Amino acid sequence: MNYFLTEEQEMIKELAARIADEKIAPIAAEYDREGKFPHEIIGYLAQADLCGVYIEEKYGGLGGGVFEMALVVEELSRACGGIALAFAGTGLGTYPIILFGNEEQKQKYLPDIASGKKLAAFALTEADAGSDAAGIRTTAVLDGDHYVLNGTKQWITNGGEADVYTVIACTDKEKGARGFSAFIVEKDTPGFTFGKKEDKMGIRASSTRELIFNDCRIPKENLLGKEGMGFIVAMKTLDRTRPGVAAQALGIATGAFNAALRYSRERHQFGQPISSFQAIQHMLADMAIQIEAARALVYQTCRYIDSGAKNFSKESAMAKVMASDTAMKVTIDAIQIMGGYGYMKEYPVEKMMRDAKITQIYEGTNQIQRNVIALELIKELSSKK
Ligand code: COS
């Protein structure tokens, strides 16, 4: 399908594809096995000037938007969804600054992120606040010129590896979701430590850790937006980054599909390549249909967001659900086509299936996405009356 990318978007996609094929694919299995964080891949992305594709040019980025970011995530994820997450997770941690940071905060943090010198992370989730994001308990109390943070964030992507953390904490318990605020917290701030690295099913090259705040004092200038805006910062950020999860899922699905298609030509049974059997052909056809449909929705959603649309919670959630459900289905079918070989760690598709699973869970489960979609549909109908 021709998606009529601009020359610059084509170039971004090609650069990311080259890094995926030449640098990531050869190490993906090892990084998955050992749970290694891909610092050198960030180096290659930096050399190619891709770390800041979604950051304004005046802060050292390429001046693209959600779409350019998705193109990079998709290509990298074709080779490894876990390695791609070092980049995508940084986007998630950076968007609160892009959307709600003041000029000083943008000047201070964005150039280093755009150049790949620093990575970022986003911290909302807690042990008792996953889908129910309004259940967070981490507190931030103003004390003179500082906020003092206490609490523990759980399952934070890029935890321990990132230098810049955007953290949602409660500044006024009485006000529920309207009593949250968002802060920038730098690594190495006294009182800020990390829990153990989680041992995960998939995306194992990505670091997932607890962030522990124990009387952690941060300058009051690190407040993003205003006190009380933290929940909105989180929701508006996720609206913009869920298409990134969709792009990750799309990349994983494409990687698995390519492997299964190639295999179906090489594998002979009953004296012929298995691609000559209609049972396999129909599976391949269905996989291709689902991937292309997901890609069309993801790309169009990204373009809609970048066009300056005001409310795109529904579209963003739709793209995430569609692409992640597709990735799960396609990776499972890829294993089925490859049979016993597909099930073995020697071949890449079992890892792709493990990597795909998280895309149905993080940045809001697909059940929460369906709630968001349904509520928006009902709201739209009511506003027409
Ligand atoms: N954009 C702007 N504002 C939003 C918003 C959005 N996308 N979503 C909600 N809000 C606003 C609401 O309008 C409401 O504002 P008012 O208090 O002025 O009415 C406020 O935020 C609270 O919204 P709501 O009542 O809908 O909050 P809920 O507690 O019911 O939760 C869901 C809403 C479930 C959608 C939210 O908790 C969520 O997204 N959960 C998933 C979290 C997630 O993605 N976790 C993964 C962690 S990050 S990897």
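Values quoted throughout were computed directly from the atomic coordinates according to the rules given, and no laboratory measurement underlies them. Everything numeric here is computed off the predicted structure, so don't read it as measured data. Note that we place each Cβ from the backbone using ideal geometry, even for glycine, and neighbour counts take in every protein chain shown.
Per the Kirkwood definition applied to all pairs of different Cα atoms, how many angstroms is the hydrodynamic radius of segment 121-230? Write out the running numbers ahead of the final one.
Details: mean 1/r = 0.0722 Å⁻¹.
Across segment 121-230, the inverse of the average 1/r is 13.9 Å.
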Could you work out how far helix 366-384 tilts from the main Cα principal axis of the chain, as a 0 to 90 degree angle to the nearest 10? 70 degrees
Gln107 and Ile378 label points (each 7 Å along its Cα→Cβ direction) are spaced in nm at 4.7 nm
With Cα atoms, 0 to 90° folded angle of helix 81-100 axis to the chain main axis: 30 degrees
Sorted from largest to smallest, which semi-axis lengths in Å does the alpha carbon gyration tensor of the chain give for its equivalent ellipsoid, taking the root of 5 times each eigenvalue? 36, 22, 20
Quick one: what are the phi-derived ³J(HN,Hα) couplings along segment 176-189, Karplus 6.51/-1.76/1.60 with θ = phi - 60°, whole Hz, x for glycine and proline? x, 4, 7, x, 9, 9, 10, 9, 9, 10, 8, 4, 6, 6
Determine the gain in length on full extension of the stretch Arg267-Leu99; use 0.36 nm per residue of separation and subtract their C-alpha separation, reporting nm with one decimal. 55.5 nm
Could you check the spin-label model distance between Ser131 and His282? Points 7 Å from the Cα along Cα→Cβ, value in nm. 3.4 nm
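Over all directions, how big on average is the projection of the convex hull of the alpha-carbon atoms in segment 7-119, in square nanometres? Please report the intermediate quantities before stating the final value.
On the way: hull surface 25.2 nm².
That works out to 6.3 nm², a quarter of the Cα hull's surface.
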Could you give the C-alpha radius of gyration of segment 231-384 expressed as a fraction of 2.2 N^0.38 Å, taking N as the number of residues it contains? 1.20
